[in-house]
Amino acid sequence: MQKIELLAPGDLAIVQEIAHKTWPATYGNILEPKQLAYMLDKMYTLPVLQAQQQQGHLFYLFLEDEQALGFMGIEPDAEPHSLKIHKLYVLPEAQGKKVGAQLLAFAEMIALSNQQRRIFLNVNRNNKAKDFYEARGMTVFKEENIDIGEGYLMEDYVMHKNV
């Protein structure tokens, strides 16, 4: 049985665990190991995740037979009438099972139920996930370079879709 459930603050360790399993597979050929480790430490410590949750980010876990296969972090009204997907990761062994597609569709449903007009997200310009998002109706509307410290940049596309 599959389900998507909202995570309570005490359950964020699973987000951290999945991130540490997915990032090497996702970014191993894109980022240097030092940058990958730096970014995980900067973005996926429990205090950082808890602070995001306190600021209004919602974390959802995709479960199949009570096993976590992926997660999504969203922020309704990140921009006027727009829901931002901050994080969407699926375990490597679960990719191709429509987990990401179901999480993305769930984000659209949340956006609609909160009177949001669009969803948007950032994706690394070299990440093959761009093709995944395009296949689901999202388009690139700008590029950004985000300085994250220690001399590192996140070189992203910003993609969106009207809902």
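What follows is calculated from the coordinates using simple rules that are stated; it is not laboratory data. Predicted, not measured: the structure shown is a model, and the values here were computed from it.
For the stretch 2-122, lysine pairs separated by 8 or more sequence positions, or belonging to different chains, with Cα-Cα distances below 28 Å total 20. Sequentially through the stretch 117-125, phi angles give Karplus couplings (6.51, -1.76, 1.60; θ = phi - 60°) of 9, 8, 10, 8, 7, 9, 9, 3, 4 Hz, Gly and Pro residues having no value and appearing as x. The alpha carbons of the chain give a radius of gyration and a Dmax of 15.0, 44 Å, in that order.
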